[in-house]
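Input: a single structure, listed below in C-alpha cells.
The values are calculated or read from the model by the stated rules, or taken from the named source; none is laboratory data. In this text, all values refer to a predicted model and were calculated from it rather than measured experimentally. Backbone-built Cβ (ideal geometry, glycine too); neighbour counts: all protein chains shown.
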Amino acid sequence: MFKVNTKTRFNEKGRALKQQRGIGMVEVLITLFILSIGLLGVASMQFVGSFSNKDALSRTQAVMVAQQMSERLRASVVPSQFSDGFVVSNEYFDAANYNFSASTCSGNPYQCNCLTLPATVPDCQSNDCSANQVAQFDAHQMSCAAVESNPNARILVDCDDNNLADADACTAGSIHTITVSWPSAGWQDGNRVANTNCNASGQSSEDCVIIRVAL
C-alpha cells in the first residue's frame, strides 16, 4: 500500500500559483496610452478632412454659379450699336448690382435677400423687362445662387474691354470674366500659396473660380 505525500503536493501547488501572474497596472496604462494616440490621430484626420470637404463644396457650387452666369450672358446678347458683333447690357458690369450691396440686413444674406424678391430688383420672371432690367435681375439671381450654400461667397462680372472709346462697357469680341470667390483657410494654413487671380493684394485668404467668355 502506497502512502501519498500530501506535503509535496501542496508545495507544488503553491509554486504553480506563484508562477501565474495577471495584468498589472503598468500594462493597462501602456494600453490606454497607445489607444489614446490612435484615437487622436483619427480625430485629427476627420478634423482636417472637414476643411477639405467644405472647400470642395464651395468650389463645386462656385463652378455651377459661374457656368450659369456665362449661360445667362450668352442668352442676353444683342447686336452692338457701335461695332460689328454682339454685346450684353452694361448693367452686367455694374458691381452695385451684385452681392446685395444695397442691402441693410446683417443676417444670412440668402435669407435676407433671396427668399423674396426685393422691390428694387425687376421681376423678370413675371413681367417683360428691358435688357438693363434683365441684367439687374440676373445679377441678383446669381448672387443668391452664390450664397445659397456659402454665405461668404461673392460673384463679379468684369470685362477686358478691347475698345474703351465706344459706349459699350464690353465691346464685341472682348473677354468677359466671371469670378466667384470665397474666404478659405486650410488646417493651420499649411503649405498654402496665394492665388494672385483670386487675391489682388497677394494675400492667401480667398479661393475662387474664374470663367472667361468671349461672346
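Residues in region 66-106 that are loosely packed, with under 15 Cβ neighbours inside 10 Å and among the acidic types (Asp, Glu): Glu71, Asp84. Might you check whether a residue that is closer than 16 Å to Val87 by Cα and crowded, with 18+ Cβ neighbours inside 10 Å occurs anywhere in region 136-150? Yes, region 136-150 contains a residue that is closer than 16 Å to Val87 by Cα and crowded, with 18+ Cβ neighbours inside 10 Å. Scan region 64-96 for residues that are in contact (Cβ under 8 Å) with a residue 60 or more places away in the chain and either part of a helix (DSSP H, G or I) or within 17 Å of Val121 (Cβ to Cβ) (or both) and the total you get is 15. Here is the figure for region 131-157: residues that are polar (S, T, N, Q) and not in a helix (DSSP H, G or I) total 3. Screening the candidates Asp94, Asp138, Asp123 for the property of being charged (D, E, K, R) and more than 20 Å from Ala169 (Cβ to Cβ) yields one hit, Asp123.
Taken over region 176-207, residues that are outside any loop (DSSP other than H, G, I, E, B) and at pLDDT 65 or above amount to 10.
Among the conditions (1) closer than 17 Å to Val77 by Cα; (2) in contact with an Asp or Glu (Cβ under 8 Å, 6 or more places away or on another chain); (3) part of a loop (DSSP other than H, G, I, E, B), the only one that Asp128 does not satisfy is (2). Can you pull out every residue in region 35-65 that is exposed (fewer than 11 other Cβ atoms within 10 Å of the Cβ), of a type in the set (Val, Ile, Thr) and modelled with pLDDT under 70? Residue satisfying the conditions is Val42 alone. If you go through region 92-111 and keep only what is under 15 Å from Leu215 (Cβ atoms) and not hydrophobic (A, V, I, L, M, F, W, C), you end up with just Tyr92.
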